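One structure below.
The values are calculated or read from the model by the stated rules, or taken from the named source; none is laboratory data. Predicted model, so just to flag it, every value in this text is computed and none were measured. Using ideal geometry, Cβ is built from the backbone for each residue, glycine included, and neighbour counts are taken over all protein chains shown.
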Amino acid sequence: MKRWMGAPTTARVKPMTAWALAAAMAVATGTATAQTAADVPKKPRDVPPQVFFRGADLDMTTLSPTGKRLAVASSAGAGLRVGVVVFDLTDKIEARRAAQFRDIDVSSYQWVNDDKMIVWTWDRRLGSGRYSDDANQYLVSAAGGSVEHIRFERGDQLLALPFPHPGEPANRVLVAKTSYTSGAMLQPAWLNVETGRRTASDMDTPQGATGYLFDSHGVPRVAYIDDGKRRKILQRPAGSKDWTPLVEGEQLHMPFEPAAVTDDGQLYVTSASGPQGYDVLTRYDRETQAPEPRPLVSAPGFDYQGDFLRDAGRVVGVRLVTDAPGTVWFDPEMKRFQAVVDARFPEGINDVRCRRCGKPDMVATVFNSSDRDPGTHWVYRAALPEAERWAVLGRRRSDVDPSLMASVDFHRIKARDGRDLPVWITLPQGVKPGHAAPAIVLVHGGPWVRGRVWGWDGMSQFLASRGYLVIEPEFRGSIGYGNAHMKASFGQWGQAMQDDVADALLWAQGQKLATDKACIAGASYGGYAVMMGLAKHPSLYRCGAAWVGVTDLELLVKGERWVDDDSDLARKYSIPEMIGDPVKDIEMLRANSPVLLADRMKAPVLLAYGEMDRRVPLAHGERMRDALIKAGNTPEWVVYPGEGHGWAKNVNRVDFANRLEAFFAKHLGAGN
């Protein structure tokens, strides 16, 4: 058991008001600190790097299953590790630190019932590449003062945490072990989190299943069987004990995919629609054994990407992302409540989560945020008198001044081959329309992820605060913009994907947004794009900053289990199709490996790596460094001990930010 920092902090205050709840939060988190006038930044460039890169004051705000309590992860307070603060949402508010340790951080948590939660811990001060023996899970009492180690067995994976329905056990979770070689799950078991006792599940699960979808009772309704190349999906409708085929196909080319299943057996699926293959959400029709032809939720120009919002097992809506997050409510009362929220907070976007949704005693949280504001958390309780229903919980980042932040715009341009190319522009303050600014092209990692959504982002805001226009292209391969856009990247590392990055800069220059003074920056795949940009489009960039970046495609696609964290199945099936075959495509891979193109790179380079990176091993950086030195272009070089694929230590995040600022100022000139 971990060492506590004394007794949990408890604050008893009057019935909930905005002032009272904020004061309680200050006591619980230690955020009530004074700031002198001399400390307050007057201009964007005066905001220190740590403001952009430190952990949030308030994060992971989650209501308990019935809304009785609210938990918030918080690192606020001098020298405190990340802990969990719990609010009892009664007439008299009790705020206390339910979980706070001296020598380890809370990495995540989940409610088991209204009184208990599972807390996972990890020592972030060791760095992202190290995991301490204390990386464990604990059962925490929401009332504070009780922390017990949960005896997960080695290899256990949490499969389901059922909603605590009346008459059903409210202290158990479903776990299973996974075969290291095949990825198949062994027979699931129920784990009593209070006693540690394991009970074999009587579930009839398909042999070789690699994953499941569960209803709110913890009953598996959909099962996946993957062999690396093909995927077979089975279903078990409500009231049936038999598993029957649902859909089968190659993993990268499935006709449709299950998204969620309800307690009454309704299955929701996503499928591609139209020539660009935008994913839409539909119900699955069991009579026709196919998705319904009419979409339930679609977002023209974007894929449906969403999370189902549930209340006691009932689906009340979906939270989805277009250019910005939004909500589609199925519950009419919640749709009306969203309109009330949007009228109350008209600036930015409002993320509403609820318990007893739409009922007279509903409890809801509202997170209001924007591109310039990291956001503020609010609590709403319908059962209270109208004047007392709303209360502010606190700001996500208390030291960010929105008036000093930059605005973010979303554009769609045309790439050189006519492909639709989404691009994000972060415009620094002080730049007037028609007056171009020096630019940094910031390339996201992945590459098969979405780069960003509209909202506050630390890196782009930091760069903009130093006077740079930040250009973030959603190059082909980025998800969220149609299957055609994603699949157009297959076999195109360093080729059409790289042209998209260049086209975004050329467009910004043509629009008089960017000057001819530009650098390129990015991490992981973005780091690869930095080096390829300097080699393929040397006239566009005055410098390049790459961190944890791929440099050797042959090393990437061949790899070894002891070198990186790609699975054998991925290396056998998906990597050859998406990146290139290590035998058939070897010449293409070598032609687009930055490590073999160092003699083309004339611009200054900054390279940074994590000593213990298993995603992109340090060998990628060392080979690139040595090749650049041999070519007469010695890079700035930094390796962070203990770090993996990114920087977990705050001191390293700030150090790297300072390095970036000095590097860009040297080669682009200081910003505004």
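Filter region 275-289 for residues that are assigned to a loop (DSSP other than H, G, I, E, B) and within 28 Å of the chain's Cα centre (by Cα); which is nearest to Glu248 (Cα to Cα)?
Only one residue fits best here, namely Gly277.
With (1) charged (D, E, K, R); (2) modelled with pLDDT under 95; (3) assigned to a strand (DSSP E or B); (4) surrounded by 15 or more Cβ atoms within 10 Å (Cβ to Cβ) as the list, and Asp307 as the residue in question, which single condition is left unmet?
Single failed check for Asp307: (4).
Quick check on this structure: which one of Gly549, Gly621, Gly580, Gly544 is crowded, with 19+ Cβ neighbours inside 10 Å and on the phi > 0 side of the Ramachandran plot?
Gly580
Report every pair of residues separated by at least 6 positions or lying on different chains whose Cβ atoms are under 6 Å apart, first residue within region 336-361 and over 13 Å from Arg381 (Cβ atoms), second of a type in the set (D, E, K, R) and in a helix (DSSP H, G or I).
Correct list of pairs: Asn350/Asp342; Gly358/Glu333.
Look at Ala496 and say whether it is more than 23 Å from Gly580 (Cα to Cα) and hydrophobic (A, V, I, L, M, F, W, C).
When the stated conditions are applied, Ala496 does not pass them.
Specify which of the listed residues (Leu384, Leu404) is surrounded by 19 or more Cβ atoms within 10 Å (Cβ to Cβ), hydrophobic (A, V, I, L, M, F, W, C), farther than 28 Å from Gly301 by Cα and touching a Pro at 6+ places or on another chain (Cβ under 9 Å).
After ruling out the rest, the residue left standing is Leu404.
Could you say which residue among Val219, Val193 is surrounded by fewer than 19 Cβ atoms within 10 Å (Cβ to Cβ) and among the aliphatic types (A, V, I, L, M)?
Val219
What do you reckon, is Val595 modelled with pLDDT of 95 or more, of a type in the set (Val, Ile, Thr) and touching a strand residue (DSSP E or B) at 6+ places or on another chain (Cβ under 6 Å)?
No, not satisfied.
Looking at region 585-611, I want the residues that are surrounded by fewer than 18 Cβ atoms within 10 Å (Cβ to Cβ) and have a partner that is among the acidic types (Asp, Glu) and not in a helix (DSSP H, G or I) with Cβ atoms under 8 Å, at least 6 apart or on another chain. Which pairs are those?
So the pair list comes out as Glu611/Glu643.
Looking at region 311-356 only, could you name the residues that are part of a strand (DSSP E or B) and of a type in the set (D, E, K, R)?
Scanning region 311-356 gives Asp311, Arg314, Arg319, Asp351, Arg353, Arg355.
Out of region 526-560, which residues are within 22 Å of Ile575 (Cα to Cα) and hydroxyl-bearing (Ser, Thr, Tyr)?
Within region 526-560, Tyr528, Thr551 qualify.
I want to confirm something. Restricting to region 186-211 and keeping residues that are of a type in the set (A, V, I, L, M, F, W, C) and touching a Ser or Thr at 6+ places or on another chain (Cβ under 6 Å), which single residue is modelled with the lowest pLDDT?
Per the stated criteria, the residue is Ala189.
Condition first: surrounded by 13 or more Cβ atoms within 10 Å (Cβ to Cβ), among the charged types (D, E, K, R) and within 24 Å of the chain's Cα centre (by Cα). Can you find one or more residues in region 245-263 that meet it?
Checked region 245-263: at least one residue is surrounded by 13 or more Cβ atoms within 10 Å (Cβ to Cβ), among the charged types (D, E, K, R) and within 24 Å of the chain's Cα centre (by Cα).
Cβ-Cβ below 8 Å, separation at least six or inter-chain, first residue in region 513-528 and under 19 Å from His667 (Cα atoms) and at pLDDT 95 or above, second charged (D, E, K, R) and surrounded by fewer than 24 Cβ atoms within 10 Å (Cβ to Cβ): which pairs?
As it stands, the answer is Lys517/Arg542; Ala518/Arg542; Cys519/Arg542, since those pairs meet every condition given.
Name the strands (runs of 3 or more DSSP E) wholly inside region 156-217 in which the number of residues that are over 17 Å from Asp115 (Cα atoms) and in contact with a Lys or Arg (Cβ under 7 Å, 6 or more places away or on another chain) is 3 or more.
189-192
On the basis of being of a type in the set (S, T, N, Q), over 20 Å from Ala529 (Cβ atoms) and assigned to a helix (DSSP H, G or I), does Gln498 make the cut?
no
For the structure I just gave you, tell me whether Gly632 is free of Cβ contacts under 8 Å to residues at least 12 places away in the same chain, of a type in the set (Gly, Ala, Ser) and farther than 26 Å from Gly467 by Cβ.
Yes: the conditions hold for Gly632.
In region 624-644, which residues are crowded, with 21+ Cβ neighbours inside 10 Å and assigned to a loop (DSSP other than H, G, I, E, B)?
Pro635, Glu643
Say we look at region 222-244 and pick out the residues that are in contact with a Lys or Arg (Cβ under 7 Å, 6 or more places away or on another chain) and in a loop (DSSP other than H, G, I, E, B); which of these is surrounded by the fewest Cβ atoms within 10 Å (Cβ to Cβ)?
The residue in question is Asp242.
Looking at Gly434, Gly445, Gly482, which one is more than 20 Å from the chain's Cα centre (by Cα) and either touching a residue at least 24 places away in the same chain (Cβ under 8 Å) or surrounded by fewer than 22 Cβ atoms within 10 Å (Cβ to Cβ) (or both)?
Gly434
Mind listing whichever residues of region 407-423 are buried (at least 18 other Cβ atoms within 10 Å of the Cβ) and either touching a Leu at 6+ places or on another chain (Cβ under 8 Å) or within 30 Å of Ser74 (Cα to Cα) (or both)?
Across region 407-423, the qualifying residues are Val408, Ile413, Ala415.
Which ones in region 53-106 are of a type in the set (Gly, Ala, Ser), at pLDDT below 90, under 22 Å from the mean Cα position of the chain (by Cα) and not in a loop (DSSP other than H, G, I, E, B)?
Ser74
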